[in-house]
Amino acid sequence: MDGEIEIVAESKLGPELRRELLGWFEAEFGRADRWAAPDYYVLLFLDGQLAGCLGILDTKVRVETEMIQVGGIGGVATRPKFRHRDVARAMLSRAREFMNENLDVEFGLLLCRHEVSPVYARSGWIIVPGPTTFIRGDAVAKYANDTMILSLTGRPCPQGRIDMLGLPW
């Protein structure tokens, strides 16, 4: 794919791009205040236009009793006119490189609907049984779809209940 990929720290986003990403996120996933804000964005441009984005969080989760630092992937979106051009795969590959080179994490973790998990599986992500919980409002909620983990170091993925320790991403 011929495109440009940039990784931008959330704190370095300009106001116009921040508004565009927020509007896009809310159109794809609902209210932004229901999701954890990313620390970084992977932005993919095709034909001079923003074609896809995803967020990366540098955060911790608890798997059973073990605290694990993870690269959380969230808000993966491709504009409709750029779909079926490997935009998501290219962004996931760049996110993996970024997490390996810049974050002190052993795993990537993401949540997704069942119907899109094959997109992530083609990039090496595996579904884990969980269950996965997070905070929604004042209550603990259980994620009803797929939780996927990517080992960045070759270490086997821990098994058991996953607590996202706050908002989902």
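Where a number appears in this text, it was derived from the coordinates with a stated rule and is not lab data. Values in this document were obtained by computation on a predicted structure and should not be read as measured data. A quick note on method: Cβ atoms are made from the backbone with ideal geometry, for glycine too, and the neighbour counts reach across all protein chains shown.
Observations on the model:
- Folded to 0 to 90 degrees: helix 15-29 orientation relative to the chain principal axis, Cα: 60 degrees
- For the stretch 91-157, the set of trypsin sites (Lys or Arg not before Pro) satisfying both a DSSP loop assignment and a count of at most 14 other C-beta atoms within 10 Å is given as 113, 122.
- Site pair residue 84 and residue 7 shows an inter-label distance of 3.1 nm when each label is modelled 7 Å from Cα along Cα→Cβ.
- Computed [θ] at 222 nm, deg cm²/dmol, the chain (DSSP H ≥ 4; -39,500 (n - 2.57); rounded to nearest 500): -6500 deg cm²/dmol
- Share antiparallel - DSSP beta bridges, the chain, percent rounded to 5: 85 percent
- The percentage of C-alpha pairs in the chain whose separation is greater than 23 Å is 36%.
- Here the stretch 4-163 is treated with +1 on each Lys and Arg Cβ and -1 on each Asp and Glu Cβ, and its dipole about the Cα centre works out to around 440 debye.
- Antiparallel beta bridges, as assigned by DSSP with both residues in the stretch 63-141, represent about 50 percent of the total such bridges.
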